[in-house]
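This report concerns only the one structure given below.
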Amino acid sequence: MRPAQALIDLEALRGNYRLARQLGGGKALAVIKADAYGHGAVACARALEAEADGFGVACIEEALELRQAGIRKPVVLLEGFFDAAELALIVEHDLWTAAASPWQVEALAAFSTDARLQVWLKLDSGMHRLGLSVDEFRAAHARLSALPHIAPMVLMSHMARADELDSPRTLEQLQTFNRAIDGLPGETSLCNSPALLGWPQVRSDWVRPGLMLYGADPLYPQPSAHAARLRPVMTLQSRVIAVREIGVGEPLGYGARFVAQRPTRVGVVAMGYADGYPQFAPNGTPVQIDGVPGQLIGRVSMDMLTIDLTDHPQAGLGSIVQLWGTSPTISELAPRCNTSAYRLPCSLKRTPRIYLSQ
C-alpha cells in the first residue's frame, strides 16, 4: 500500500476549538465547510459534537452530509440558500441559514411554514462580497422580525483584513457593524479566526473559528501569543521509496531545477502534487526526515518528490518524511510555496486520512 497518509489528531482539534471558545467568551460555531478544510467534515463534526455550539458550512449539500451522518447540533448555511426551493429542506432538516442578499430576504418573507426559521442576517460592513448595506440590513431586520415564522435573528458580518494587524480596516468594519445593529435585538456574530487571535477589541456573541480549528496561524508571520497555543491537527507524511546517488553537475527531476553542487544522496518520496503537496515548492523547502530537519530538492512531480539525504546517513529506504504538521507547519510552509495555509489542507487528494484520538 502506498505509504502517503494524513494523520488527523482529533484531540488537537478539540483543544483548538476550546481555545477559540475561550477567546470569544461566548458561543463558537465550528466552521467545517470544504470538508473541514480537507480534514474530513463528518469525522471532525463527530469529534466536536459533544461540546460545539454548532457548525458552519458553505451550502446545503454540506449540511445534509452532516445530518445524514447523525449530527444533530445546529448547522448554519454561511452562504445561505441558493434557491428558494431549498427552504423546504432547511425546515425539514432543522438547519439555520444566512440571509445575505435582498432576494434571500424576499424569499424568506414569502415562505410559508409553521416552523420558525433561524436566520443569520448578514451585513456588508466593508468586505463587499456578500451582505446587505446598512439601510438594507436595518429594513430587512424590521421586516423579518415582524413575521411569525422567523425566530430572533443573529446579526452577522465578516472581517476582510483581520489578518493584517496594522490595517485600520477591521476597526472601521467594527464601527460600521455597531452602527448597523444599534438598537436592534439579536445575538451577534463577527469574529473569524484572525479576529479572535489578533483583535481582542472585536468580540461577538457567536464566534466563527475556521483555520485556527485546524491548528494553523492566520496571522503568521506576525507574532501572536494566542496562536502559539494552537496545535496542528493534520500531519502529512510518507516514506522514502528509493535512494539514488548523483554526482557534481548532475540534474535532478523535471526541468533540471536542482543541479548537484556536491555528490548528493537523493531520497525519492511517495508524495506529489496529485496528493495535494504544492507543485512549485522551491529547493530548500523544509521537511522532517525521521524527525530530523531536512529539505526538498528538485521539482515536485505528480506522484513523487525528492529530498536531500546527503547529511542524513541514518535515513534511507522506508524513512518517514513529514511534509507538514508540527514542523514545518502549514503556516510556515505556505508562503515558501507562494500559496496560503487555507489552501494547503483543502488541496489534499488521494491521500487517506487516518484519525487519531477518536
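A few comments on the model shown:
- Counting only residues that are surrounded by 15 or more Cβ atoms within 10 Å (Cβ to Cβ) and out of contact with any Pro (no Cβ under 9 Å at 6 or more places or on another chain), region 341-351 holds 4 of them.
- Close Cβ contacts (under 9 Å, 6 or more residues apart or on different chains) running from residues in region 199-213 that are assigned by TED's automatic domain parsing to the domain that holds Ala98 to residues that are surrounded by fewer than 22 Cβ atoms within 10 Å (Cβ to Cβ) and of a type in the set (Lys, Arg) comprise Asp205/Lys27; Trp206/Lys27; Val207/Arg21; Val207/Lys27; Pro209/Arg21; Gly210/Lys33.
- Residue check for Tyr277: within 25 Å of the chain's Cα centre (by Cα), aromatic (Phe, Trp, Tyr), surrounded by fewer than 23 Cβ atoms within 10 Å (Cβ to Cβ) and assigned to a loop (DSSP other than H, G, I, E, B): no
- Residue satisfying all of: in region 1-53; among the hydrophobic types (A, V, I, L, M, F, W, C) and surrounded by fewer than 20 Cβ atoms within 10 Å (Cβ to Cβ); farthest from Arg231 (Cα to Cα) among these: Met1
- Taking the criterion of being surrounded by 22 or more Cβ atoms within 10 Å (Cβ to Cβ), of a type in the set (Gly, Ala, Ser) and closer than 20 Å to Val75 by Cβ, the residues of region 181-227 that qualify are Ser189, Ser193, Ser204, Gly210.
- Matching residues, region 302-331, being outside any loop (DSSP other than H, G, I, E, B) and surrounded by fewer than 17 Cβ atoms within 10 Å (Cβ to Cβ): Ile320
- Among residues of region 151-165, those that are of a type outside the set (Lys, Arg) and either within 20 Å of Val134 (Cα to Cα) or modelled with pLDDT under 95 (or both), counted: 9
- Number of residues in region 120-170 that are outside any loop (DSSP other than H, G, I, E, B) and farther than 30 Å from Asp217 by Cα: the value is 13.
- For first residues located in region 241-268 and within 23 Å of Arg2 (Cα to Cα) and assigned to a loop (DSSP other than H, G, I, E, B), partners that are modelled with pLDDT of 95 or more and of a type in the set (S, T, N, Q) and lie 6+ apart or on another chain with Cβ distances below 7 Å form the pairs Gly253/Ser301; Gly253/Thr306.
- Among the residues of region 308-327, none qualifies, meaning not one is under 28 Å from the mean Cα position of the chain (by Cα) and farther than 24 Å from Ile241 by Cβ.
- Odd one out for Phe258, checked against (1) under 20 Å from the mean Cα position of the chain (by Cα); (2) assigned by TED's automatic domain parsing to the domain that holds Met304; (3) not hydroxyl-bearing (Ser, Thr, Tyr): (1)
- Residue within region 164-180 that is small (Gly, Ala, Ser) and touching a residue at least 24 places away in the same chain (Cβ under 8 Å) present: yes
- For region 204-232, filtered to residues that are assigned to a helix (DSSP H, G or I) and in contact with a helix residue (DSSP H, G or I) (Cβ under 9 Å, 6 or more places away or on another chain), the residue that is nearest to Ser340 (Cα to Cα) is Leu211.
- Matching entry among Leu78, Leu66, Leu87 (being in contact with a Ser or Thr (Cβ under 8 Å, 6 or more places away or on another chain) and outside the structural domain of Ile241 (by TED's automatic domain parsing)): Leu87
- Residue match in region 295-304 (condition: in contact with a Gly (Cβ under 7 Å, 6 or more places away or on another chain) and among the basic types (Lys, Arg)): yes
- For region 98-119, filtered to residues that are under 28 Å from the mean Cα position of the chain (by Cα) and in a loop (DSSP other than H, G, I, E, B), the residue that is nearest to Gln175 (Cα to Cα) is Ala100.
The values are calculated or read from the model by the stated rules, or taken from the named source; none is laboratory data. Predicted, not measured: the structure shown is a model, and the values here were computed from it. Using ideal geometry, Cβ is built from the backbone for each residue, glycine included, and neighbour counts are taken over all protein chains shown.
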